[in-house]
Amino acid sequence: MSRDARDILAHVFGYDAFRGEQQAIIEHVAGGGDALVLMPTGGGKSLCYQIPALMRPGAAIVVSPLIALMHDQVSALKESGVAAGCLNSSLDFDTVRATEHALREGRLDLLYVAPERLMTSRFLDLLDHLRDTGRLALFAIDEAHCVSQWGHDFRPEYLQLSILSERYPAIPRIALTATADRQTRDEIAARLHLEGARCFISSFDRPNIRYTIVEKDDPRRQLLHFIRNEIHPQFARAAGIVYCLSRRRVEETAAWLQEQGVAALPYHAGLPAETRNAHQNRFLREDGLVMAATIAFGMGIDKPDVRFVAHLDLPRSIESYYQETGRAGRDGLPAQAWMAWGAQDVVNQRRMIDFPNEDGGGGQDDETFRRLARNRLDALVGLAEATTCRRQRLLAYFGEESAPCGNCDNCLSPPRTWDAAEAARKALSCVYRSGQRYGAGHLIAVLRGEMTDKVKERGHERLSTFGIGGDLDEKHWRMVFRQLIAREFIHVDHERYNALTLTEAARPLLRGETGFLLRLPPEKTRKGKSRRGASRQDIPGGVPTTLFERLRAWRIATAQAHNTAAYVIFHDATLRDIAITRPATLDDLRKISGIGDRKLEAYGKEIIGIVADCG
C-alpha cells in the first residue's frame, strides 16, 4: 500500500490502521479498478472511496440518495480538512452555481450528488468537462441496493446510473451497500454494468450488537422496560430508533414514550416535509433522542451513537431486519437490537404481500415478487422462532458460517422448549373436522371441551376432537395456533372472517413425519431480583462518567456553534478513549483514534483543558 494512503488515514481521518478489506479496496480503486463492496454498517465503507478520491487527481463524484446524509458527510469531511460539497434540491440557486464553479475550477476533492441531479444534461456536461481535462477521479455509488427492484429501498433513478459506464468507461466506479443477498448482488452488478468489477464481501457480523427477540405481550410496556432496564447505564440518555409498521402506530408510540418521560419524536411519510426534516435533523444533531418511525426513516443515517434499534412490528425480511438493526452501534460500542413479534405480524405481512396497496398489473413479474417476498418473510420468521444462536442463524442467511456468539438472548438465556407435536396435530385435526370455517377462539373452545353457545349451535360437541385438548389451558393453545399460523401450517382466510384453513405443509405434521418444537416464555424473575446486571453489556475499561459527560456537553455546544451534528465533531468512541486515557498533552491526544491533524489543531487545547479541569 502506498505511503499516501496511510498518511491520509492517519493525518486526515485520525486512524492508525485499516480495518478488514479497506486496504485492498482502496488499493484497487486508487489503481483505477471497479469494485462492488458489501460491508456492514459501521464497517468503514466511506473511507473506501474517500481515500482513493484524495489519492487520485481531480474530484470524486459520490451518488447518494439522501439529502441529510449528504450534508452530514460533507460537514464531517470539512471538519477533517477535506474540500467537499454537495448538490441537491435543498440548495438555493446561488449555492448550486458556486458549488458547480468550485468543481469546474478543481477546488473540490469530493462532490455528493443526488442521482436525479447527476442525470441532468447540465451536470453531465460538467462531468464531460472534468473527464476531458483529466480531473474526474472516480464515481462512488452509495446505498447501491437502491438499484434492486425487489427491495423496499428501490429508487427508479438508480437504474439510470448505468450511463456512467457507457459515457465514462475509463473512470473507476465503486458501488457500496451494507446488505445484499446473492440475488441482489447479481442485480446490482448487472444494472450498474459492474459484472467485471472485483467484489469485496466483508463479514456481515456486528459483534457489538446484542440481538433479542421476544413474543408480544403488551409490546409498548415491553419496549419501555427494555429502554429503562436493558440499556447500559453509561448510555442513560441513549439515542434509539423504534420501527413500527403503520403511521398511526408511529405517532401513538412517540406520544406514549413522551408521556413516560422518554424524549421521542415521530417520523413517517405522511408528515409534512418540513416536520420530517426538522425531526430528522434533531435526531442527528441532538443526544439522547428516540425516533419512532416507519421504514421511511433510516436509510443512510450516519449517526454513529445510536445505542438501540427496536421493532414493535415484524420487518419484511431478514435483509430489512439486518439493515435496520445495523443502524445501531456504528461506533463499535455496545448496542442492542430488540424486537417484539407475534403471529398477527406474520398474518399482516403476508396480507400485504398478497394484496399490495400499490396499483399494478398482473403478470409473471408480480407473482415472482410475491414468491420472493414470501420466502424472505419465512426466513425472518425462522429467525424469530429460533431456539439456538440468533447470530448464527442471521449470518447463515448471508452464507457466512459462525460459532455461537454468546451475545444474543438465546445464548445468554437458552430458551425453554416444549415438544408440541401432539398438540399441533390435535389443533390441525380440529380445524379440518370443523370444516375449516372457524377462528382460533372457537377451535380452542372445542379442543378444551367448553360448551359455549357457538359450540352448541354448531353441534361441535359431537366432533371427535371435542375435549381432546383439555390438558392445556387457553394460553398454551393460543401459542400453538399462533405458531401454526406463523409457520404456514394454517392459513388465515381474510375473506371469511379470519377462518383458519389447512395448507399443504400441514400434511406431514398430521402424519407425524415432522416435529413441532415451541419456545416457552421465559420464567419470570422473582420480585426484587433484577436482571439488569446480567443483561447489560459491559464497556471495557470503564468510562469516567463525569469527564465523559463534560466532553459530550462540550461537543454539543461546539456542534451547535458549527451548525452541524454532534458526531461530526467527534464520535462517542473517541470521547470514551479520551475519558479513559486522560491525555495531558497534544502529543498524547494525537494518539487517540479519530483525531486527525485538522481536528487536533481546532480542538486540541480545549480538550486538554477539559481533561485537566476534571483531574
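The values are calculated or read from the model by the stated rules, or taken from the named source; none is laboratory data. Just so it is clear, the structure is predicted and the values come from calculations on it, not from any experiment. When we count neighbours, we look across all protein chains shown, and the Cβ atoms used for this are built from the backbone with ideal geometry, even at glycine.
Structure values in brief
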quantity: Members of the range 75-101 that are charged (D, E, K, R) and crowded, with 18+ Cβ neighbours inside 10 Å; calculated: Glu79
quantity: Residue, surrounded by the fewest Cβ atoms within 10 Å (Cβ to Cβ), within the range 575-590, restricted to residues that are touching a residue at least 24 places away in the same chain (Cβ under 8 Å) and on the phi < 0 side of the Ramachandran plot; calculated: Ala584
quantity: Where a residue in the range 394-407 is on the phi > 0 side of the Ramachandran plot and its partner, wherever it lies, is at pLDDT 90 or above and in a helix (DSSP H, G or I), with Cβ under 8 Å and at least six apart; calculated: Gly406/Leu412
quantity: Residue, nearest to the chain's Cα centre (by Cα), within the range 420-447, restricted to residues that are free of Cβ contacts under 8 Å to residues at least 40 places away in the same chain and surrounded by fewer than 18 Cβ atoms within 10 Å (Cβ to Cβ); calculated: Gly441
quantity: Filtered residues of the range 487-502 (kept if surrounded by fewer than 23 Cβ atoms within 10 Å (Cβ to Cβ) and not in a strand (DSSP E or B)); calculated: Arg487, Glu488, His494, Glu495, Arg496, Tyr497, Asn498
quantity: Qualifying residue in the range 126-147 (condition: more than 30 Å from Gln23 (Cα to Cα) and either aliphatic (A, V, I, L, M) or under 25 Å from the mean Cα position of the chain (by Cα) (or both)); calculated: yes
quantity: The range 247-277, residues that are modelled with pLDDT under 90 and either surrounded by fewer than 14 Cβ atoms within 10 Å (Cβ to Cβ) or small (Gly, Ala, Ser) (or both); calculated: Ala269, Ala273
quantity: Total residues in the range 549-567, condition under 27 Å from Phe18 (Cα atoms) and modelled with pLDDT of 90 or more; calculated: 2
quantity: Pair list, Cβ under 7 Å, 6 or more apart: the range 540-565 residue assigned by TED's automatic domain parsing to the domain that holds Lys605 and within 20 Å of Pro334 (Cβ to Cβ), other residue acidic (Asp, Glu) and modelled with pLDDT under 90; calculated: Arg552/Asp287
quantity: Which numbered condition Arg19 fails, given (1) surrounded by fewer than 22 Cβ atoms within 10 Å (Cβ to Cβ); (2) touching a strand residue (DSSP E or B) at 6+ places or on another chain (Cβ under 6 Å); calculated: (2)
quantity: Hits in the range 24-66 (condition: in a loop (DSSP other than H, G, I, E, B) and in contact with a Phe, Trp or Tyr (Cβ under 6 Å, 6 or more places away or on another chain)); calculated: Pro40, Ser64
quantity: Inter-residue pairs, beta-carbon under 9 Å, first more than 11 Å from Cys199 (Cα to Cα) and in the range 23-37, second polar (S, T, N, Q), 6+ apart; calculated: Glu27/Ser2; Ala30/Ser2
quantity: Matching residues, the range 385-428, being in contact with a Leu (Cβ under 7 Å, 6 or more places away or on another chain) and part of a helix (DSSP H, G or I); calculated: Arg390, Arg393, Leu394, Ala423, Ala424, Arg425, Lys426, Ala427, Leu428
quantity: Residue, surrounded by the fewest Cβ atoms within 10 Å (Cβ to Cβ), within the range 57-68, restricted to residues that are over 14 Å from Ala83 (Cβ atoms) and in contact with a Pro (Cβ under 8 Å, 6 or more places away or on another chain); calculated: Pro65
quantity: Helices (runs of 4 or more DSSP H) (entirely within the range 551-615) containing at least 1 residues that are more than 18 Å from Ala239 (Cα to Cα); calculated: 572-581, 586-590, 597-613
quantity: Filter result for the condition that a residue is touching a strand residue (DSSP E or B) at 6+ places or on another chain (Cβ under 7 Å) and either touching a residue at least 12 places away in the same chain (Cβ under 8 Å) or not basic (Lys, Arg) (or both), over Arg167, Arg198; calculated: Arg198
quantity: Some residue of the range 276-291 being closer than 20 Å to Thr212 by Cα and touching a residue at least 12 places away in the same chain (Cβ under 8 Å); calculated: yes
quantity: Residues of the range 205-223 satisfying the condition of being closer than 13 Å to Arg390 by Cα and hydrophobic (A, V, I, L, M, F, W, C); calculated: Ile209, Ile213, Val214
quantity: Within the range 152-196, considering residues that are β-branched (Val, Ile, Thr) and part of a loop (DSSP other than H, G, I, E, B), the one farthest from Ile353 (Cα to Cα); calculated: Ile171
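This table checks each residue for (1) in a helix (DSSP H, G or I); (2) among the small types (Gly, Ala, Ser).
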| site | (1), (2) |
| --- | --- |
| Leu108 | no, no |
| Tyr112 | no, no |
| Glu116 | yes, no |
| Arg122 | yes, no |
| Asp125 | yes, no |
| Leu130 | yes, no |
| Gly134 | no, yes |
| Phe139 | no, no |
| His145 | yes, no |
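The rows are residues; the columns are (1) in the same structural domain as Arg555 (by TED's automatic domain parsing); (2) in contact (Cβ under 8 Å) with a residue 60 or more places away in the chain; (3) over 28 Å from Ser202 (Cα atoms); (4) not hydroxyl-bearing (Ser, Thr, Tyr).
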position: Gln50; (1), (2), (3), (4): no, yes, no, yes
position: Ala60; (1), (2), (3), (4): no, yes, no, yes
position: Val63; (1), (2), (3), (4): no, yes, no, yes
position: Gln73; (1), (2), (3), (4): no, yes, no, yes
position: Glu105; (1), (2), (3), (4): no, no, yes, yes
position: Val113; (1), (2), (3), (4): no, no, no, yes
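Matching residues to (1) closer than 30 Å to Leu518 by Cβ; (2) in contact with a helix residue (DSSP H, G or I) (Cβ under 7 Å, 6 or more places away or on another chain); (3) not in a helix (DSSP H, G or I):
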site	(1), (2), (3)
Pro207	yes, no, yes
Ile213	yes, yes, yes
Asp217	yes, no, yes
Ile227	yes, no, no
Arg237	no, no, yes
Arg248	no, no, no
